[in-house]
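Notes follow once the structure below has been shown.
Each reported figure results from applying straightforward, stated rules to the coordinates on display, with no laboratory input. Keep in mind that this is a model prediction, so the values were computed, not measured. All Cβ positions, glycine included, derive from the backbone under ideal geometry; neighbour counts span all protein chains shown.
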Amino acid sequence: MEKEQIVLIGGGGHCRSVIDVLEQQNKYEIIGIVDKKELLGVDVLGYKIIACDDNLETIFETCKNAIITVGQIKTNEIRVELFNRLKKIGFHFPVIISPLAYVSKHSSISEGTIIMHQVLINSNVTIGKNCIINSKALIEHDVTVGDNCHISTASVLNGNVIVENDTFYGSNTTSKEGISIEGFIKAGSLVK
């Protein structure tokens with residue numbers, strides 16, 4: 001089966017993690033990475049930075065799939081801005097799911113979201129667009145995660161939780177069931 005091509009937008013640490021997931025998934029051919037002009041030609045795990053933001057329209061002529069590989073800690077503004085800009089150009093944002101993750105067939109995940117290694121997503125979960133569900137996160141039944149969220153490593157969202165748009169949910173954070181969460185939740189929190 002011929003692989004679809006994909007371009008990665010952002011060449012930092014999160015990009016390296018996404019590359020690993022894409023290589024494990026073995027569904028997409030990474031054509032290269034878009035980053036700052038001064039980084040053109042730099043190698044990231046065997047893939048070159050081939051373009052900068054000024055070249056997005058040109059890249060779209062040959063590659064229709066993209067994934068935002070800029071991480072999100074302090075703010076998601078860059079991820080959101082890039083997602084909207086690429087969407088306006090016409091790029092398609094596939095859902096990327098690590099083959100080492102479990103996602104219930106009774107859940108739904110929206111465009112541009114990546115599910116990293118060892119994530120467990122239980123039944124009747126809804127995850128919005130342009131999200132990072134990071135390694136070893138546990139998302140229990142009936143959880144709703146809004147758009148542009150980052151659910152960090154080894155975190156737990158218990159049943160019937162609503163995570164509002166643009167939320168950062170820190171590593172090793174655990175929520176009480178049936179609550180609404182928004183904003184910046186620091187690592188190691190217990191959210192009641």
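Would you mind pulling out the separation of the Cα centroids of segment 1-66 and segment 133-167, in Å? Between the Cα centre of segment 1-66 and that of segment 133-167, the gap is 26 Å.
Highest first, please rank the peptides 94-103, 141-150 by the mean number of other Cβ atoms sitting within 10 Å of their residues.
Values: 94-103: 17.4, 141-150: 21.9.
The packing order, highest mean first, is 141-150, 94-103.
Here's how it looks for His92: its modeled amide H is under 5 Å from those of Asn65, Ala66, which are all 5 or more places away or on a different chain.
Can you give the calculated 222 nm mean residue ellipticity of the chain, where each DSSP H run of n ≥ 4 adds -39,500 (n - 2.57) and the sum is split over every residue, rounded to the nearest 500 deg cm²/dmol? Intermediate results must be reported in sequence, preceding the final value.
Details: 3 runs with 31 residues, N = 192.
Calculated mean residue ellipticity at 222 nm is -5000 deg cm²/dmol.
Here is the link list: Lys27/Lys48; Lys64/Lys186; Lys3/Lys74; Lys3/Lys48. Which ones come out longer than 25 Å on Cα distance? Cα-Cα > 25 Å for Lys64/Lys186; Lys3/Lys74; rest within.
Simple spin-label estimate for Lys3 and Glu61 gives 2.5 nm between the two label positions (7 Å along the Cα-to-Cβ direction from each Cα). Annotation: amide H-H contacts under 5 Å for Glu29 (H modelled 1.01 Å from N, sequence separation of 5 or more, or interchain): Glu4, Gln5, Ile6.
The angle separating the long axis of helix 13-25 from the principal Cα axis of greatest extent in the chain is about 90 degrees.
When Thr69, Thr113 are sorted by how many other C-beta atoms sit within 10 angstrom of their C-beta, beginning with the fewest, the order is Thr113, Thr69.
Fully extending the segment from Ile179 to Tyr102, taken as 0.36 nm per residue of separation minus the present Cα-Cα distance, adds 25.3 nm.
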